[in-house]
Amino acid sequence: MEVTKQWFKDWFNSPYYHLLYSNRDEKEAASFIDKLVDYLHPSPGATMLDVACGKGRHAKYLADKGYNVTGIDLSEESIAAARKLENDHLSFFQHDMRLPFRINYFDVVFNFFTSFGYFESRHENENALRTLANSLKPGGRLVLDYLNSVYVAAHLVVDEVKEKDNVVFDIRREMARGKFLKQINILDKKQLLRHEYTESVSAFSRTDFEEMFAMQGMEITDVFGDYHFNAFDEQHSPRLVMIAQKIKG
């Protein structure tokens, strides 16, 4: 599969991206966020950053709990939608996560639902992690929710076809060059158009993250294997949910 260097720019701004992933379980997401808040126990009015926030639903959910929340995302389309939710406790910015954003500012930083590892080189992904780490106050905490690469590789569904609203998604998956690749061939029956996109996500392991976190002055304090906070098991856990603390300024 061929992957364009900045594949996420076009794909995340595409209406087909939002259509394909429109069935995400929002109740499960809300339950996960509730568990995180109970675990982290942030102070009232704590400052929070949602990195790769999409259209802002989860940032709004946190803001509705009384926290001061900022969301950033590269997608202009998503941020335009998110800004309709803004209020005194909630704001959004179109921003590339590889670039610095508000140094030593936030109490908690979130990166939900495998919104990391999209970049071509490890160096670029490390730059993104640096942004997350540097935006935290000393002692602040980061939640990075990633796929469990070992589990995903063992359970990879190579071929899949989905149809939604007269749009057919013919999906092929493979693991190559240390990345999970997903080629999405689209047939829009209404407009009689075809499109093709390819997602690329780095197959980072827990050890990879431990090394990258340490480089940024972050220490992993807990690792969970799913959204119910069960213990992480490399062979059987679908997720790699890491909670880390900033140990230096």
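The values are calculated or read from the model by the stated rules, or taken from the named source; none is laboratory data. Source: prediction; values computed, not measured. Backbone-built Cβ (ideal geometry, glycine too); neighbour counts: all protein chains shown.
Taking the stretch 57-74 as the range and being crowded, with 23+ Cβ neighbours inside 10 Å and farther than 19 Å from L144 by Cβ as the test, only A63 passes. Checked against the criterion of being surrounded by 17 or more Cβ atoms within 10 Å (Cβ to Cβ), farther than 26 Å from L19 by Cα and out of contact with any Leu (no Cβ under 6 Å at 6 or more places or on another chain), the candidates R102, R130 yield just one match: R130. The residues of the stretch 180-205 that are under 19 Å from the mean Cα position of the chain (by Cα) and without any contact (Cβ under 8 Å) to a residue 40 or more places away in the chain, listed by number, are F180, K182. Scanning for something surrounded by 15 or more Cβ atoms within 10 Å (Cβ to Cβ), aliphatic (A, V, I, L, M) and without any contact (Cβ under 8 Å) to a residue 60 or more places away in the chain, does the stretch 207-224 turn up at least one residue? Yes, because at least one residue in the stretch 207-224 is surrounded by 15 or more Cβ atoms within 10 Å (Cβ to Cβ), aliphatic (A, V, I, L, M) and without any contact (Cβ under 8 Å) to a residue 60 or more places away in the chain.
Here are V167, V108, V143, V150: which of them is closer than 30 Å to D188 by Cα and either modelled with pLDDT of 95 or more or in the same structural domain as M218 (by TED's automatic domain parsing) (or both)? Walk me through it before giving the result.
Values: V108 fails: closer than 30 Å to D188 by Cα; V143 fails: closer than 30 Å to D188 by Cα; V150 fails: closer than 30 Å to D188 by Cα.
Of V167, V108, V143, V150, the one residue that is closer than 30 Å to D188 by Cα and either modelled with pLDDT of 95 or more or in the same structural domain as M218 (by TED's automatic domain parsing) (or both) is V167.
Y197 satisfies every condition listed in (1) under 14 Å from E120 (Cβ atoms); (2) buried (at least 18 other Cβ atoms within 10 Å of the Cβ) except (1). Return yes when Y17 is surrounded by 18 or more Cβ atoms within 10 Å (Cβ to Cβ), among the aromatic types (F, W, Y) and in contact with a Pro (Cβ under 8 Å, 6 or more places away or on another chain) and no when it is not. For Y17, the condition - surrounded by 18 or more Cβ atoms within 10 Å (Cβ to Cβ), among the aromatic types (F, W, Y) and in contact with a Pro (Cβ under 8 Å, 6 or more places away or on another chain) - is not met.
Out of F119, F93, F112, report the one residue that is under 21 Å from F224 (Cβ atoms) and either touching a helix residue (DSSP H, G or I) at 6+ places or on another chain (Cβ under 8 Å) or aliphatic (A, V, I, L, M) (or both). Walk me through how you get there before you give the answer.
Details: F119 fails: under 21 Å from F224 (Cβ atoms); F93 fails: under 21 Å from F224 (Cβ atoms).
Going through F119, F93, F112 in turn, the sole match is F112.
Do you know which of the residues in the stretch 74-106 that are free of Cβ contacts under 8 Å to residues at least 40 places away in the same chain and assigned to a strand (DSSP E or B) is nearest to G45 (Cα to Cα)? Once the filter is applied, the top-ranked residue is L90.
Evaluating V161 against the criteria (1) in a strand (DSSP E or B); (2) surrounded by 12 or more Cβ atoms within 10 Å (Cβ to Cβ); (3) free of Cβ contacts under 8 Å to residues at least 24 places away in the same chain leaves one unmet condition, (2). Looking at G71, G45, just one residue is within 13 Å of the chain's Cα centre (by Cα) and assigned by TED's automatic domain parsing to the domain that holds N111, and that residue is G71. It is to be established whether one or more residues within the stretch 235-245 are over 29 Å from V3 (Cα atoms) and under 17 Å from the mean Cα position of the chain (by Cα). Checked the stretch 235-245: at least one residue is over 29 Å from V3 (Cα atoms) and under 17 Å from the mean Cα position of the chain (by Cα).
What number of residues within the stretch 1-45 satisfy the criterion of being part of a loop (DSSP other than H, G, I, E, B), within 24 Å of F169 (Cα to Cα) and of a type outside the set (F, W, Y)? Here the count works out to 12.
Acidic (D, E), outside the structural domain of A231 (by TED's automatic domain parsing) and within 21 Å of the chain's Cα centre (by Cα): does that describe E174? It would help to see each step written out before you state the result.
On the way: acidic (D, E): yes; outside the structural domain of A231 (by TED's automatic domain parsing): yes; within 21 Å of the chain's Cα centre (by Cα): yes.
Judged against the criteria, E174 is a match.
Report yes if F116 is out of contact with any Lys or Arg (no Cβ under 9 Å at 6 or more places or on another chain), of a type in the set (F, W, Y) and not in a loop (DSSP other than H, G, I, E, B), otherwise no.
No, not satisfied.
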